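The values are calculated or read from the model by the stated rules, or taken from the named source; none is laboratory data. These numbers come from a predicted model, not from an experiment. Note: ideal-geometry Cβ built from the backbone for every residue, glycine included; neighbour counts use all protein chains shown.
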Amino acid sequence: MTLAVVLLAALSAVLAAAVAALALCLSAARRRERAARRRIAVLEADLDVALRPRPAATPAERAVRRVVRTATRVREQGVAGLLQSSLEDLQAWAAEQQQSVASMASSDGRVTLLFSDIEGSTRLNERLGDATWVRVLQAHDTLLRARIERYRGQVVKTAGDGFMVAFRDPEAACRAAVGVQRDLKRTLDPRLRLVAPVRVRIGIHTGPVVARDGDYFGRNVAMAARVADTAQGGEVLASEAVRAALDDDAAVDLVEAGEVGLKGLPGVHALWRVLPRGEVG
C-alpha cells in the first residue's frame, strides 16, 4: 500500500511537471504568434506604401497626369468639356510654377508638419560631453533622415537635435514617426544607447501654412511645435486635425491622449497618441 502511494505521488509529480512544461510551451508559442502577426502587419503596411503611387513632385509630373485625366474627360465630356478643362489645367499649371516653394502642400493647400527633438537633450549633452554628444546627434540624424526619405518627407530645417519636417499627407507623417520610434527601440548603434537609449518626442499637425523662401510660417506651424512639446520621450502625438484627415484604413492606430492647453494657443486641444497598426491594447 505504501509503495502504491509513493508511485501515485511520483506519477502526480511527473504529470504536474508535464502540464507546467506544456503551459510554458503554449505561452511561448502564443508570444511567437503575436510577434509574427505584428511583423506581418508591419510588412503589409510597408508593402502598401511601396506599391502606392508616389504623388507628383514637380509641375512637369503634374502636367503629365493632367494630360491623362484630360484624355479621360474627352470620352466623358466631349470636345467642349475638353477645351474648358484644358484652360483650367493651364491656369493651374502656371500657378504651380509660381508657387513651387509650396510643393509639399496637398491638393487642398494643407501641409502636414512633424516636429521632433531628443528628450532631455541638454542634460545628455552635459553628461556625455560635446565630442560624444556630436556623435550621438550624427546617429540620430541618420536614423531620422532614413525614415523621412522613405515616406517622402522634406526636412524644412533642423536646430541642434530638433527637426521640422513637411509631408504631403498625414498618414505618411504618422508612419514615418512610428517608424522612427521603432528604429530607436531596435537599434544596436552604440551611439544611441550610451548611458540610456535616446528617447525622441514627436508631434504632428496638419493645416494650411504660409510658404516663403523654403520655410513655413503661421499658426499651424506653432500648433505642430506645441504638440511635439507635449509629447514624452518615445511618444508620437497628433492633433485632432490629423485624426480627422486620416483615412479609415490608415496603417496606424490612434489612442485618445486627452485635451490639453498648448502654450500661446487659445482653448484646449484634443491630442491623439499614434501607434503602429495592431498595437492598441
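A count restricted to the range 240-281 and to residues that are of a type in the set (A, V, I, L, M, F, W, C) and free of Cβ contacts under 8 Å to residues at least 24 places away in the same chain stands at 4.
Identification of helices (runs of 4 or more DSSP H) wholly contained in the range 157-268 with 2 or more residues that are closer than 22 Å to Ser121 by Cβ yields 170-186, 219-230. Taking the criterion of being of a type in the set (Ser, Thr, Tyr) and surrounded by fewer than 17 Cβ atoms within 10 Å (Cβ to Cβ), the only residue of the range 135-151 that qualifies is Thr142. Scanning the range 183-214 for residues that are surrounded by 14 or more Cβ atoms within 10 Å (Cβ to Cβ) and of a type in the set (Lys, Arg) yields Arg191, Arg193, Arg199, Arg201. Of everything in the range 109-156 that is in a loop (DSSP other than H, G, I, E, B) and in contact with a strand residue (DSSP E or B) (Cβ under 8 Å, 6 or more places away or on another chain), the residue that is farthest from Ala172 (Cα to Cα) is Glu119.
None of Gly218, Gly207, Gly258 is in contact with a strand residue (DSSP E or B) (Cβ under 9 Å, 6 or more places away or on another chain), under 23 Å from Glu149 (Cα atoms) and in the same structural domain as Leu137 (by TED's automatic domain parsing) except Gly207. Go through the range 259-273 and give me each residue that's more than 13 Å from Gln232 (Cβ to Cβ) and either crowded, with 17+ Cβ neighbours inside 10 Å or among the small types (Gly, Ala, Ser) (or both). Listed by number, the residues that qualify are Gly261, Leu262, Gly264, Gly267, His269, Ala270, Trp272.
Test Arg152 against the criterion of being modelled with pLDDT of 90 or more, at negative phi and not small (Gly, Ala, Ser), and give yes or no. Here the answer is no, as Arg152 does not meet what is asked.
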